[in-house]
Amino acid sequence: MAWPIEGLEPGYRPDAPGVFEEEEEIELTPAVQSLLETSQWLAEQIAGKILGFREEYYGVEGLREALERLPRGRLAAAKPLPGVAIDSTFPLDGGMDLVGGHLVAVVAGYVGFGGLRTRGVRPYDVYARARFVDSEDTRRLLPVYAKLVEKAVAHRVLGYVEQGSMDARLLLFDGELVPYQLLFKSQKAVSRSRLLAKLDESMAQLLERARRLGLTLVGVVKRSYSRLLGARLGRRLSLNDKAVMSLLLGSGEYLVLGSFEELLPRYAEIIAVEKSAEPGKYRGIVEERLRARREYGRVTVAFYKPSLAHPSQQAVRVEIIDYGGLGLENILSMLNKLTNPATGLPYPIDLVDEYTRLESRMLELLRRRIIGHLAEMLEALGGSGALVLLGHTNPEKRYVYEPRRGRR
């Protein structure tokens with residue numbers, strides 16, 4: 001295998017980046033100037049990681065050969081089977097801070113693709129859940145709650161398939177297939193958390209229903225910083241898996257890392273060393289979880305780089321359980337066929353992401369409507385002063401949620 005990064009082969013020294021030739025004009029305030037002064041330091045950090053991987057690739061005995069021995073191949077452009085893409089979203093800032101608590105919301109939905117046929121049900125749908133909570137712990141669990149709502153949507157889709165109302169063969173999830181909180185927390189910790197225990201049970205039931213129906217499940221992980229390659233190669237690399245695969249894979253190529261059962265126990269040891277913790281203990285936690293939920297261990301991790309040219313040229317990480325018996329290469333070839341040239345991701349993932357997008361301004365509209373209902377309810381009691389509980393705790397950040405006004 002030749003060194004894959006053009007212009008960074010051994011001995012090469014770049015002249016000038018020339019990447020940001022057209023920069024947006026920004027007012028050089030003291031804050032901006034201070035920020036820009038960090039650019040040289042950050043560039044050196046990034047270059048060090050890239051050059052470190054180059055040295056590992058060429059200098060570590062057996063590393064290059066070990067990488068080349070991993071199962072890999074070339075993708076075709078197989079016609080996608082009928083399927084459904086599923087996603088959930090929530091405000092990244094955790095919700096709106098009000099005097100009486102936090103206003104949080106989750107939106108989850110699905111979108112059909114590949115000629116999905118339905119009978120008596122919609123080929124797309126969206127569901128919203130909102131909560132008014134008064135503790136930081138509750139807000140912290142919002143990502144878990146979002147996954148719970150997402151799995152509920154997936155169960156609804158499987159119900160449609162069971163009833164014959166939908167002919168889906170493939171389910172795509174925007175994000176990991178099995179929530180990582182269920183893989184790296186102890187059995188005791190999962191059981192102790194009401195939300196985690198509920199999510200764990202929902203996930204296990206989802207896999208069992210998909211197995212009975214013969215549906216193939218795929219998680220498309222857009223933001224991935226894992227280092228599972230280290231579990232395969234016996235050492236931690238300078239770059240994360242997605243970065244390495246983006247450098248090594250050519251267009252239309254794929255590489256299979258292996259199953260969670262093979263990778264995660266060793267990966268847990270690597271994480272433990274990085275945290276100066278006991279490797280055996282971390283490995284034991286993961287092995288305990290995989291024994292409790294054996295289907296989680298059947299998830300296979302693979303990377304592919306789409307044949308279709310796209311701006312980022314990034315590899316795509318996917319997690320697959322092939323209950324439909326479609327074959328790994330065939331599944332990856334279908335995903336390759338579904339590539340959106342604008343993003344390099346399967347277009348149903350982009351579509352469902354757009355469909356379920358939750359903007360912060362929606363929470364302000366919800367807040368105002370709640371105030372309206374509450375005012376009516378409290379008017380008869382003469383307690384309208386209680387509306388202060390729905391006021392913003394930080395008025396300076398209120399602009400984040402205010403509806404945008406058009407320019408005149």
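How much net charge surrounds G250 when only the other residues with a Cβ under 11 Å from the Cβ of G250 are counted, with Lys and Arg +1 and Asp and Glu -1?
Working: positive: R72, R74, K305; negative: E253.
Every neighbour counted, the sum reads +2.
Which percent of Cα pairs goes in each bin when the distances of region 215-292 are cut into 5 angstrom slices starting at zero?
3, 14, 21, 23, 20, 11, 6, 2, 0
For region 251-356, which trypsin sites (Lys or Arg not before Pro) are in a loop by DSSP, counting at most 16 other Cβ atoms within 10 Å?
Counting only loop positions with at most 16 other Cβ atoms within 10 Å, the trypsin sites (Lys or Arg not before Pro) in region 251-356 are K275.
Restricting things to alpha carbons, find the Rg to Rh ratio for region 120-263 using the Kirkwood radius for Rh.
A ratio of 1.01.
So which lysines pass the test for K185, namely a Cα distance under 23 Å, with those fewer than 8 places away in the same chain ruled out?
Cross-link targets: K147, K151, K198, K222, K275, K281.
With each label point set 7 Å from Cα along the Cα-Cβ vector, what nm distance links R211 and A130?
According to this spin-label approximation, the distance is 4.0 nm.
Could you compute how fast region 249-323 diffuses translationally, taking Rh as the Kirkwood radius over C-alpha pairs and applying Stokes-Einstein at 10 °C with viscosity 1.306 mPa s? Give it in µm² per second.
My calculation gives 113 µm²/s for D.
Taken together, the values in this text are just the output of simple stated rules run on the coordinates, not laboratory data. Computed from a prediction, not measured in an experiment: that's the story for all the values here. Every residue, glycine among them, receives a Cβ derived from its backbone with ideal geometry; neighbour counts consider all protein chains shown.
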